[in-house]
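Reading through the structure tokens given below for one structure.
Read-outs: derived from the displayed coordinates by stated rules, not from any lab. Remember, it's a predicted structure, so these values are computed and weren't measured experimentally. Using ideal geometry, Cβ is built from the backbone for each residue, glycine included, and neighbour counts are taken over all protein chains shown.
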Amino acid sequence: MEKELWSGRGAFIMAAVGSAVGLGNLWRFPYVAYQNGGGAFLIPWLVALVTAGIPLMMLEFALGHKFRAGAPKSFHKLSRSGWIGWGCLLNGFVIVSYYAVVIGWVFAYLYYSFGAQWGDNAENFFFKQFLSLSSSPGQIGGIRWPILVGLALTWISIFLIIFKGVKIVGKVVAITVPLPTILILLFVIRGVTLDGAMEGLKFYLKPDFGRLLDPKVWLAAYAQIFFSLSLAFGIMIAYASYLHERSDITGSAIATSVINCGTSFVAGFAVFSVLGYLALQKGVEVPEVVAGGPSLAFVTYPTAIRLLPFGVSFFGLCFFIMLLTLGIDSAFSLVEAFVAGIRDTWRLSRTVATIIACLLPFAAGIIFTTKAGLFWLDIVDHYITNFGLTLFGALECLFVAFFGRKILREHMNSVSNVKVGRWWDFCIGILTPLILIVSIVMNFIESVKKAYGGYPQWALAVGGWAVVALVIILALILGRISKRRFEAEEG
């Protein structure tokens, strides 16, 4: 098969930024910063960016560019350990199966934005009318058809974007990456002009330097950087494999990481200025309206939009268009990474591989469209990000450090303007895997002490530990299959 290539370095960086900048930048970073010392959190966050985010981004770019393949084949060529690449892809497969459902919610809310149809009680509308949420994970209930329709629209969009290859992706991200940035800036401008905005920003940025002595704050900073940059999904490896032979790897990694983190920081101004306004309107303190995750996007922000003195439908539509473009780039990048792995292993056409990579997670995501869907989404997300993704992120670092750190460092330095030294070896061989392993141990101890979210143990076993175990088992099986096929190709 002839190797597809990006139209240029700009298209590649735009796609990488589109993958990294997602819903988490808007609904996770501001909340995590607020919880972990406000403005003081920026110190460990920046340290984590320099010592983990940028080095790992360089690692994945170099791995894909050096071996011109997706994650499984690249790891096979480096260390005969393609199963690690499959583990990364399978984590992404699980995540996109529910991430696409959230985008499906956004599709529905584009319609509800006209006239702010969620009314004066956005919380009741979201949980009781839209999700029709049941009382426990065991009460599955029926499928919520508006959500299933939104999910179908999401997967149709993803298929149409990637089935023709990276040149079409490059054209799509030229629109979908700048647009949410413009809309975030619009909300920053609108937000800071609202009454109470400064009170909200004070809560966001007020430094609590005493929190810097808490190791959990530093772990939170590393976790935020790691997840925010879409690392250990196989995405950046696949994207870098489509680069031209002479491409600035380290410069691109630095640019992608800094743009992503800058977007997170600016998004905080958009979020907390509006939260300050909402607190003033409701006559409560800012901490009482602070939220992260789906509640911010589908309850808190819509409530604030409803209270705006003018332009309610306009700002509602803009907000959900922003969420849609943030989410869709991250979603199709996860699928593209899976497509690259399938094509490298079974030599399928791009269209066939894309159909497979879309239909499988679409089917897996149907459970999240039921009345108990939000419960299962929460459980699966907690375990796959805190255990599955973290585990394969640590393995990725350790295997590269053991088998190929010198090879990749020399490759990066041969094609890049910014040269890397032994500090990179230290970061990916010792510091980052150590942080990730400590995070796994601490999360495991926490899970033993207390059931996550108060859910029944059977639900955590089925939606949590079983999913993580399945990812590991399938990674080993697919690694063995792909190893035989790759070795047969090599003769």
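Of note:
- In terms of packing, defined here as the mean over residues of other Cβ atoms within 10 angstrom, the peptides 168-176, 442-450, 47-55 line up highest first as 47-55, 168-176, 442-450.
- Two-decimal ratio, segment 121-217, of alpha-carbon radius of gyration to 2.2 N^0.38 Å: 1.68
- Taken along the Cα-to-beta-carbon direction at a fixed 7 Å, the label points for Tyr111 and Trp423 span 5.3 nm.
- Residues listed by number, segment 341-384, amide nitrogen under 12 Å from Lys171 label point at 7 Å toward C-beta: none
- Dipole magnitude of segment 317-436, debye to nearest 20 (Cβ charges: Lys/Arg +1, Asp/Glu -1, about Cα centre): 360
- Hydrodynamic analysis of segment 395-491 uses the Kirkwood radius over alpha carbon pairs. Inserted into Stokes-Einstein at 10 °C and 1.306 mPa s, it gives a translational diffusion coefficient of 93 µm²/s.
- Across segment 316-339, the residues whose backbone nitrogen lies under 12 Å from the label position 7 Å along the beta-carbon direction of Glu4 are 333, 335-339.
- Computed E for His244/Ile477 - FRET, C-beta separation, R0 30 angstrom, nearest 0.05: 0.30
- For Lys128, the lysines whose Cα comes closer than 24 Å to its Cα, not counting residues fewer than 8 places off in the same chain, are Lys282, Lys371.
- The local environment of Leu42, defined by Cβ-Cβ distances under 13 Å, has a net charge of +1 under the rule Lys, Arg +1 and Asp, Glu -1.
- Lysines with Cα under 19 Å of Lys450, excluding same-chain neighbours fewer than 8 positions away: Lys216
- Charged neighbours of Thr354, selected by a Cβ distance under 10 Å, balance to +2 (K, R count +1; D, E count -1).
- Each of Lys73, Lys202, Lys3 has some number of other Cβ atoms within 10 Å of its Cβ, and from fewest to most they run Lys3, Lys202, Lys73.
- Cα-based convex hull, segment 1-119, per residue volume (Å³, whole number): 191
- Taking a quarter of the surface of the Cα convex hull of the chain gives a mean projected area of 21.3 nm².
- Lys/Arg +1, Asp/Glu -1 at C-beta; segment 9-490 dipole; positive extreme among Leu348, Gly53, Phe227: Leu348
- 23 Å Cα-Cα threshold exceeded, pairs from Lys77/Lys171; Lys73/Lys419; Lys66/Lys419; Lys3/Lys73; Lys3/Lys66: Lys77/Lys171; Lys73/Lys419
- Ranked list, fewest to most other Cβ atoms within 10 Å of each Cβ, for Tyr452, Tyr31: Tyr452, Tyr31
- Between Ile445 and Phe209, the FRET efficiency from the beta-carbon distance, with R0 = 30 Å, is close to 0.65.
- Near the amide H of Thr370, within less than 5 Å, lie the amide hydrogens of Arg144, all on another chain or at least 5 residues away, with H placed in the peptide plane.
- What you get for segment 9-490, charging only the Cβ of Lys and Arg (+1) and of Asp and Glu (-1), is a dipole of about 1120 debye around the Cα centre.
- For Gly293, neighbours were defined as the other residues whose beta-carbon sits under 11 Å from its Cβ, and their charges (Lys and Arg +1, Asp and Glu -1) total -1.
- Net lengthening on full extension, Arg68/Ala363 (0.36 nm per residue, minus Cα-Cα): 103.1 nm
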